Amino acid sequence: MSGHGIELDRWGQLAVDFVAAYQRIPADQRTASIDGGWSARQVLEHLLEDEILFSTRMRAAIADPGSVILPFDAERYQTNLPYALVPDAVLLDALVSLRTVNVGLLRALTDDAWSQAVAHPEAGDQTVEQISVMFGDHIAEHLKDLQSAGLHGERR
């Protein structure tokens, strides 16, 4: 294992922290817009989609280096997938479980595997390390959104 352990520990914890922050938001406030943007519920849906995307790209780079991956349009997924029919608890469990598996796989990689890459048709080659760094902190960005919005039972 290389020097990725510190980040992996933090990346694993981020999903747990996001779930805790989300669960502190009263249920009736989870679908309200945060500062004119997505709601907390939409952020949860987006994070799960991104974690699925990360999982797919990371696995392709590890198992099938050189393969071509598909671009991702977050708005299209947000609009076209019927997430409203899936309970919060299911999405939260899936996010933590998938992040835990992803971190476990990354933890098990040899140093050489981190440089294996896939080809993105718009962004060019992406290594396992680049993909991981891109998605590793993504939850943190949205966790800050929830925290800064003050959605913990009081309105600002």
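The values are calculated or read from the model by the stated rules, or taken from the named source; none is laboratory data. Nothing here was measured: the structure is a model prediction, and the numbers come from that model. All Cβ positions, glycine included, derive from the backbone under ideal geometry; neighbour counts span all protein chains shown. In case anyone asks, the SASA skips ligands and DNA or RNA and just uses the protein heavy atoms, side chains included. Shrake-Rupley method; radii C 1.70, N 1.55, O 1.52, S 1.80 Å.
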*Restrict the check to region 71-81 and report whether at least one residue is touching a residue at least 40 places away in the same chain (Cβ under 8 Å), over 20 Å from Gln29 (Cα atoms) and touching a helix residue (DSSP H, G or I) at 6+ places or on another chain (Cβ under 7 Å).*
no
*Go through region 70-87 and give me each residue that's within 17 Å of the chain's Cα centre (by Cα), assigned to a loop (DSSP other than H, G, I, E, B) and surrounded by 13 or more Cβ atoms within 10 Å (Cβ to Cβ).*
Phe72, Leu81
*Answer residue from region 88-116, given it is polar (S, T, N, Q) and surrounded by fewer than 17 Cβ atoms within 10 Å (Cβ to Cβ) and is nearest to Glu129 (Cα to Cα) among those*: Ser115
*Being closer than 14 Å to Glu141 by Cα and either in a helix (DSSP H, G or I) or of a type in the set (Asp, Glu) (or both) is the filter here, so list the residues in region 23-41 that pass it.*
Ala40
*Specify which of the listed residues (Ser115, Ser97) is of a type in the set (Gly, Ala, Ser) and under 17 Å from Gln13 (Cα atoms).*
Ser97
_Can you report the number of residues in region 11-54 which are in contact with a strand residue (DSSP E or B) (Cβ under 7 Å, 6 or more places away or on another chain) and open to solvent by 20 Å² or more (accessible area, probe 1.4 Å)?_
4
*Restricting attention to region 55-67, report how many residues are in contact with a helix residue (DSSP H, G or I) (Cβ under 7 Å, 6 or more places away or on another chain) and surrounded by fewer than 18 Cβ atoms within 10 Å (Cβ to Cβ).*
2
